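The values are calculated or read from the model by the stated rules, or taken from the named source; none is laboratory data. Just so we're clear, the structure is a prediction, and the values are computed from it rather than from any experiment. We place every Cβ from the backbone using ideal geometry, glycine too, and count neighbours over all the protein chains shown. Please note that ligands, DNA and RNA were not included when accessible areas were found on the heavy atoms of the full protein model with its side chains. Shrake-Rupley method; radii C 1.70, N 1.55, O 1.52, S 1.80 Å.
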Amino acid sequence: MVYAANLGYPRIGKKRQLKKALEAFWSGAIQEESLLESCRALRADNWKVQSEKGIDFIPSNDFSMYDHVLDTIAMAGAVPKRFGWNGKTVDLRTYFTMARGLIKVDESNGNSLQTRAMEMTKWFNTNYHIIVPEITDVQQFRPATKKCLDEFLEAKKLGYLTRPVLLGPVSFLLLSKGYSSNRRKLLLERLLEVYRAIFDQLSEAGCQWIQIDEPFLSMDLDRETRDLFRLSYEKLSQCKLAIMLTSYFAEIGDNLPWVINLPIHGIHLDLINGKKDLDAIYKYLPDATFLSAGVVDGRNVWRADLTKTISALEDIAEKIGPERLIVSPSCSLLHVPLDVELETPMNEEVKSWLAFAEQKLDEVSIVTDALCIGLREIQSALHENRQVIAWQKTSEIRNDPAVEKRLKTISSSMTRRRSNYAERFLAQKRELELPLLPTTTIGSFPQTKDIREARKKYRSGEISKADYELAMQKEIETNIGLQEKIGLDVFVHGEPERTDMVEYFSEMLQGFTSTQHGWVQSYGSRYVKPPILYGNVSRPKAMTVDWAVFAQRLSEKPVKGMLTGPVTILQWSFVRDDQSREKTCTEIALAIRDEVEDLEKAGIRVIQIDEPAIREGLPIRKRAWGDYLRWAVDCFRLATCSVKDETQIHTHMCYSEFGDMVDDIARMDADVISIEAARSQMDLLEFLREKEYPNSIGPGVYDIHSPRVPSDDEIDDLIMKALQVIPIDRLWINPDCGLKTRDWREVVPSLNALAQSAMRLRKEAGKTSWRFGTITPKKDLSKP
């Protein structure tokens, strides 16, 4: 008997029901019970699909209304004091306030009372965002929700005996901020009491297995952290549930010998990204321990080679025994779209190569059947799969000889600016004539109902291309006029013509295809549709020049040309897996380089090439960082280094802690970098106390992921914090990120406050002791 399992399923629904229900609830259009009923219906559908696909271990508690780490915060009662929690059950109001912040008006005096949302960061090397737990040295934990038990019972009532999923206690603590490292063991012991209580509740309800996700097991761990894992599972193993210890996104590697000897009943290995673990598992796997083999890629959309997968599993089954083998995806299917069959207007050849969440469950089921009942019963599926895999490998649409030829022409001179930063700084100062503490935004402005409606009508043929472009030009005129009125210094056109910062470019680059329904959750109700990169990349024609030129003609102030960088396009796409990511990224960089050159020729003096995903792409293990950062930085430089000294190159990064890679970011040699910093209250700038960033930097002073409007005092305070570590002549003032997801009612007063703060502080500059930094870098960054 070989078992089939799933580790997690997309929460959003085929018609994005979760997004619609959440936003209706937040706007007051529906009540709490309606939201909860929508969530129950989604869970029921998800369990039904997995059951019908033949999955033996179906997860529960993998569903979340916002984020599974936030769910764990609520479960453990780890609610920061500023949210005014009463210490009982964490209700929806508290839950969403932690995620989104809150603004209340004091009816007695009209003053607004604001509660800052919790910080967000990326979930390891994915584009999924998590809420960062905040824990104090004296933190007390208590069971504060029954979500895990309730959803298990909900599934049981529908006839599904599920395997609940919990974020592991050690990974939860390692993700947390705010406590002293010497308190970690004590805090863990307190936290484990919550987990034990939940284990006992589940056991009493008839639960047999529980899946504990500990993705930190794939990282470099010191002895103290290893001891925390041992402590955790020695205590949790005393409960009656069988524990499936789960890690993913990379190999467990040198942690495997001691991990496999923890008192657990099963271990999950990501055999897509950690194939080397197999050799060790044969050596160390205890006789009674189950192996969950993650052989179907949960992070990418390509169909599995079933013949190859079955062969590998047969070898595993022979060595450990089929009765202990569980077939599963490599990680939760949260990271892929739901159903490829929804994609009707798609190139049929490319579509035949794809497997989304439902199809991946089919693959798990097919290979499990092959091991249980033999190949004869699945011959038809195997034959079709072999044909598709062979077709994909030889398809002409994947390969472009012109791109291959151009790759051979790349030289080191193409990744160097003409002069060092000090010389460029002076040239740009003469060209742009910007004031001290220049203000700007990151790129996008709110995507209003009118913008979305115009785009929908254009794509459906209800209005012409000319009418659509006229509507977008009117939006750009409004955006430029607003920035003039606010008094910003470097403008953006607002990107009304763009659906998404990666999808927009993928629709105009060769080698990509887009989806209509391929939504993937980023956080909360924020979803993206990652494009599918299937072939060699090239740029047939200019993508942004006309829009940038139109916007620049509306103002004498500089308007930024806005591009997405090659690493981010790579990271936020489903990427071909038949060549190296370095090569694919280099192809994208050449396409962006062409666009940069055309923008400069058209008179655009400031060009921003966003790379918010550059840290996200870091390998899980630090020993692999060097090679990745080498080619990632080189690709950025290849895209940007052909411009004149007078052309100012900006880049933007968010949700990144830069202390351990500041030298690599400096090597990118952008004239200005803007980073997310407001939500963390400038904590991310601590790295600058030890290592000075040599070029100009704009730490965000307006948290755009919360609906609240920052006060004047709050922005002033953040700027003052930044001035403690950044010389005033190299400090820019800007929001954390783009404003696409916000409402104009929040954006206008927030940008007004930002601009007014900068103006006030300029007047104070001559009266203070703020330092003016040197613009002579310690080393020549013009060299790669």
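In table form, for the structure just shown:
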quantity	calculated
Scan of region 578-613 for residues that are in contact with a strand residue (DSSP E or B) (Cβ under 6 Å, 6 or more places away or on another chain) and part of a loop (DSSP other than H, G, I, E, B), ordered by number	Ile604, Glu611, Pro612
Which listed residue is under 26 Å from the mean Cα position of the chain (by Cα), crowded, with 23+ Cβ neighbours inside 10 Å and of a type in the set (A, V, I, L, M), from Leu590, Leu563	Leu563
Total residues in region 504-553, condition farther than 30 Å from Glu404 by Cα, in a strand (DSSP E or B) and either without any contact (Cβ under 8 Å) to a residue 12 or more places away in the chain or not β-branched (Val, Ile, Thr) (or both)	5
Ala288 in a strand (DSSP E or B) and either among the small types (Gly, Ala, Ser) or surrounded by fewer than 20 Cβ atoms within 10 Å (Cβ to Cβ) (or both)	no
Residue check, Phe57 touching a helix residue (DSSP H, G or I) at 6+ places or on another chain (Cβ under 8 Å), open to solvent by 10 Å² or more (accessible area, probe 1.4 Å) and farther than 14 Å from Arg11 by Cα	no
Boolean, Glu477 is part of a loop (DSSP other than H, G, I, E, B), open to solvent by 10 Å² or more (accessible area, probe 1.4 Å) and not aromatic (Phe, Trp, Tyr)	no
In region 243-263, the residues that are of a type in the set (A, V, I, L, M), touching a residue at least 40 places away in the same chain (Cβ under 8 Å) and part of a loop (DSSP other than H, G, I, E, B)	Ala250
Residue within region 266-280 that is β-branched (Val, Ile, Thr) and at pLDDT 95 or above present	yes
Residue match in region 428-441 (condition: hydrophobic (A, V, I, L, M, F, W, C) and within 19 Å of Glu600 (Cβ to Cβ))	yes
Residue match in region 401-409 (condition: buried (at least 18 other Cβ atoms within 10 Å of the Cβ) and modelled with pLDDT under 95)	no
Qualifying residue in region 631-646 (condition: free of Cβ contacts under 8 Å to residues at least 60 places away in the same chain, farther than 26 Å from Glu119 by Cα, open to solvent by 20 Å² or more (accessible area, probe 1.4 Å) and more than 20 Å from the chain's Cα centre (by Cα))	yes
Region 313-363 - residue that is in a loop (DSSP other than H, G, I, E, B) and under 19 Å from Met244 (Cα atoms) and, of those, modelled with the lowest pLDDT	Gly321
Which numbered condition Lys485 misses (of (1) crowded, with 18+ Cβ neighbours inside 10 Å; (2) farther than 22 Å from Thr564 by Cβ; (3) out of contact with any Lys or Arg (no Cβ under 9 Å at 6 or more places or on another chain))	(1)
